[in-house]
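The block underneath contains the structure these notes are about, expressed in structure tokens.
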Amino acid sequence: MARMAMVIDLNKCVGCYACTIACIRENIARQKKNGVEMPDHIFQYARTRPIDFPLEGSVRVLGFPSNTPFFIQCQQCENPPCVAACPTGASFKTKDGVVLVDRNKCIGCRACMIACPYGVRTMYLGRLSSPPPNPYGLVPRYPDKCTFCYHRKNSPEGWVPACVEACAFGARIFGDLDDPNSEVSRIIRNGNAVRLREDLGTKPKFFYILPNK
Amino acid sequence: MSIRAFIAFIVLLVVSLALLGYGIKLGLPAKESLDISAMPWGILVPGYVFFASIAVGASIIDSIFTIYGYKGSSNTLREDIKYSTYFSLISLVPAWTLILLDLINPEHGIWLIRGFHDVSRIAWNLVLYTLLAITLLVELVYLIRRTDIDTIKNIKKAELAIAIAVLVSAIALDSNLSQAFGSLVSVPAWYGSHLVAFFLASAVLLGAAGQWLFITIVRGFKGTLRERKDYYSSLAGKMYLTILPIFWLFMFWDIVAAWYHKPTWNYYKELLWGAHAPIFWGIEVVIGLIVPVIASIVALEKRSITAAIVASIALLIAGFTSKYDLLILGQLARLHSEGFMTLIGSGFLAAHNVMHYHPATSEVLILAGAFIEWPMLLLAGILALPLGADEKPRHLYIFK
């Protein structure tokens with residue numbers, strides 16, 4: 001058993017959006033003969049999204065300066081409310097602790113989308129003619145969210161999500177919480193990282209290292 | 001009545017199918033993507049809850065009358081029992097129509113059974129709807145087949161057992177339905193067990209209004225209303241004046257409790273003083289409370305059927321609005337709450353400015369289709385089934 005987790009170090013993140021672009025390229029955009037096919041409002045379907053509106057709320061909740069870049073994505077909860085709400089078992093948690101959607105079982109009731117307290121599930125209703133870029137890529141009319149690039153799990157180069165790979169500043173760290181030697185485990189052990197809305201009991205496996213004040 | 005009723009049935013059938021069909025054909029366009037991502041449940045969901053509440057409430061009232069042996073004036077209610085049971089059963093159909101057509105991928109519906117997920121309240125809804133529909137169907141068949149209709153004083157044990165089964169199923173269903181919303185920690189306006197009491201009170205109110213209106217209209221067309229005018233008007237007055245204070249008591253305490261919880265208070269702030277306030281005060285309070293109270297008192301004092309009809313229609317209008325406010329505004333309020341804005345990301349609020357909900361054309365058409373489907377099915381029952389106290393089975397072998 002593994003418990004895959006991710007940390008964003010907000011001290012290192014410069015807000016260059018490389019992670020968002022990498023995510024779109026990896027999971028959303030489809031290669032066509034004469035170009036690329038993408039949903040309208042493409043940034044809204046990126047599975048890791050920048051928050052670029054005024055951050056008053058964030059500042060109050062997390063207590064960091066308002067000019068800090070901040071990204072939101074599926075928190076890969078240990079107690080995922082989206083999985084509990086799903087009537088068909090289409091939303092499920094893998095042995096690696098990653099929450100995925102089995103599209104063959106999804107009836108499109110959107111209970112998972114409304115159950116997510118982080119508001120990170122999206123649904124694109126338009127048409128895309130080309131096949132998804134990978135088996136877990138965005139498919140119209142199904143709930144979509146970060147999968148930690150699950151299709152890369154058995155990659156010969158190791159399981160590294162596209163956003164982690166793209167980050168030039170090493171702000172994103174990915175690893176197994178059950179492996180005491182992983183960098184993620186070390187950061188969590190040091191107590192430097194926080195999770196969003198701990199009060200809800202969802203136990204996210206997505207952590208933020210808050211900027212030094 | 002029969003020819004005109006049949007023509008009316010055909011017209012309603014055609015219009016309902018046309019609206020539903022065109023709504024399905026239009027579907028949700030791509031431009032709704034951002035709205036559905038920010039606010040996943042649109043107007044079909046309040047519509048579904050509205051009809052489900054009517055069915056549940058009517059079932060509860062029927063069962064209570066049966067179990068406690070309420071005889072009314074010259075057993076009037078016993079004469080209406082087949083109508084009221086049919087009304088409860090058939091009110092489930094528009095609810096199912098709406099929720100089925102709200103699914104984006106209904107073709108995978110078999111997974112509701114194959115993949116039954118026992119911690120999901122939505123999954124349990126399917127079980128409990130089936131249970132309620134079966135118990136109501138059994139009750140209707142029993143009542144139609146019953147030969148000793150004149151022995152009204154002696155309710156048979158079988159009838160009592162069926163009525164108890166209907167009552168238990170109805171309460172279980174409505175409680176579970178409320179918790180399909182109330183178990184979602186992500187929507188502060190919904191989260192909590194208070195929704196069970198709120199939903200049950202609302203269901204009984206809606207069920208009473210819908211059922212009373214249906215039976216009164218049937219009796220009016222059959223020419224038997226005049227002789228029972230006093231009884232029906234006072235019945236409506238008593239029912240509404242009893243249930244309304246209970247419903248509003250729950251509403252009042254919900255508002256008081258919300259005051260101590262900021263995320264929930266955001267919803268009530270918007271409802272009481274925000275952009276939504278005219279709908280709340282104008283429809284929920286004036287049409288849903290003041291008008292029915294005055295009309296019920298007039299119905300009770302003056303034995304006025306017109307006043308009772310006004311009260312019933314007002315309650316149905318306000319009942320739908322109440323569901324709309326809770327389910328639509330509840331979702332909007334979470335988007336605008338400080339904590340959620342922090343978490344939702346730049347996406348929807350910034351790019352699309354989701355400040356208000358506007359139903360898609362397809363949703364409006366489907367909702368209208370379901371609202372026409374309802375009287376169409378009620379009329380079909382009157383035409384095809386022996387629902388009157390003195391009617392004998394005519395068409396279907398099962399009832400002979």
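For the stretch A:100-213, the C-alpha radius of gyration divided by 2.2 N^0.38 Å, with N the number of residues, is 1.24. For the protein assembly as shown, a crude dipole built from +1 on the beta carbon of Lys and Arg and -1 on the beta carbon of Asp and Glu, taken about the Cα centre, is about 660 debye to the nearest 20.
Holding the Cα-Cα limit at 31 Å, pick out from B:LYS238/B:LYS323; A:LYS12/A:LYS203; A:LYS105/B:LYS262; B:LYS25/B:LYS323; B:LYS31/B:LYS323; B:LYS222/B:LYS323 the pairs that are longer than that. From the list (B:LYS238/B:LYS323; A:LYS12/A:LYS203; A:LYS105/B:LYS262; B:LYS25/B:LYS323; B:LYS31/B:LYS323; B:LYS222/B:LYS323), the Cα-Cα distance tops 31 Å for A:LYS105/B:LYS262; B:LYS222/B:LYS323.
Rounded to the nearest Hz, the phi-derived 3J(HN,Hα) couplings of the stretch B:22-29 under the Karplus curve 6.51 cos²θ - 1.76 cosθ + 1.60 (θ = phi - 60°) are 5, x, 5, 4, 5, x, 8, x, where x marks glycine and proline. Largest GNM mean-square fluctuation across A:PRO69, A:PRO135, A:PRO50, computed for chain A with C-alpha springs under 10 Å, falls on A:PRO135. Per-residue mean of foreign Cβ neighbours for B:112-121 is 6 (Cβ atoms of other chains, 10 Å radius). By the count of other C-beta atoms within 10 Å, a proxy for reagent exposure, B:ILE279, B:ILE215 are ordered fewest to most as B:ILE279, B:ILE215. Of all aspartates and glutamates in the structure, the ones whose alpha carbon falls short of 13 Å from that of B:LYS156, not counting any fewer than 8 places away in one chain, are B:GLU139, B:ASP148. Computed from backbone phi, the HN-Hα couplings of the stretch A:35-45 come to x, 10, 10, 9, x, 5, 6, 3, 5, 6, 9 Hz, rounded to whole numbers (Karplus: 6.51 cos²θ - 1.76 cosθ + 1.60, θ = phi - 60°; Gly and Pro given as x).
Averaged over the residues of A:188-199, the number of partner chain Cβ atoms lying within 10 Å of the residue Cβ comes to 1. Restriction of the chymotrypsin sites (Phe, Trp or Tyr not before Pro) in the stretch B:194-266 to DSSP coil positions whose beta-carbon has at most 13 other beta-carbons within 10 angstrom yields B:TRP259, B:TYR260.
Averaging the Cα positions of each part gives two centres, and for the stretch B:91-144 and the stretch A:20-37 these lie 40 Å apart. Between the beta carbons of B:LYS157 and A:LYS32, assuming R0 = 60 Å, the FRET efficiency works out to 0.25 to the nearest 0.05.
Taking label points 7 Å from Cα along the Cα-to-Cβ direction, B:ILE246 and B:PHE221 give a separation of 3.1 nm. Applying the Kirkwood pairwise sum to the alpha-carbon positions of the stretch A:4-209 produces a hydrodynamic radius of 17.6 angstrom. Pairing the Cα long axis of helix B:262-273 with the longest principal axis of chain B, what angle in degrees results, from 0 to 90 and rounded to the nearest 10? With both axes taken from Cα atoms, the answer is about 70 degrees.
What the Cβ-Cβ distance of B:VAL127 and A:ASN192 gives, at R0 = 30 Å and to the nearest 0.05, is a FRET efficiency of 0.05.
Computed over the protein assembly as shown, the quotient of the alpha carbon radius of gyration and 2.2 N^0.38 Å is 1.08. Taking the Cα atoms only, what angle lies between the long axis of helix B:157-182 and the longest principal axis of chain B, rounded to 10 degrees? That works out to roughly 10 degrees.
Distance between the modelled labels on A:ALA168 and A:CYS16, one decimal in nanometres: 0.3 nm (7 Å Cα→Cβ projection). Qualifying GluC sites (Glu not before Pro) in the stretch A:71-169, where qualification requires a DSSP coil assignment and no more than 16 other C-beta atoms within 10 Å, comprise A:GLU78, A:GLU157. Applying the Karplus relation 6.51 cos²θ - 1.76 cosθ + 1.60 with θ = phi - 60° to the stretch A:93-105 yields 3J(HN,Hα) values of 10, 7, 5, 8, x, 9, 8, 10, 10, 8, 5, 5, 9 Hz, where x marks Gly and Pro.
Under the rule a/c < 1.5 gives rounded, and otherwise a/b versus b/c splits prolate from oblate, where does the stretch B:134-262 land using the Cα gyration tensor? Oblate, because a/c is 1.5 or more while a/b does not exceed b/c. The mean number of Cβ atoms from other chains found within 10 Å of a Cβ in peptide A:71-80 is 1, as a whole number.
Spin-label model, A:ASP40 to B:TYR68: label points 7 Å out along the Cα-to-beta-carbon direction sit 5.6 nm apart. Dipole check for the stretch B:2-388: with +1 at the C-beta of Lys and Arg, -1 at the C-beta of Asp and Glu, and the Cα centre as origin, the magnitude is about 940 Debye.
Only the coordinates and a few stated rules stand behind these numbers; no lab work does. Bear in mind that the values here come from a model prediction, so they are computed numbers and not experimental data. Cβ sites come from the backbone with ideal geometry, for glycine too, and all protein chains shown count toward neighbours.
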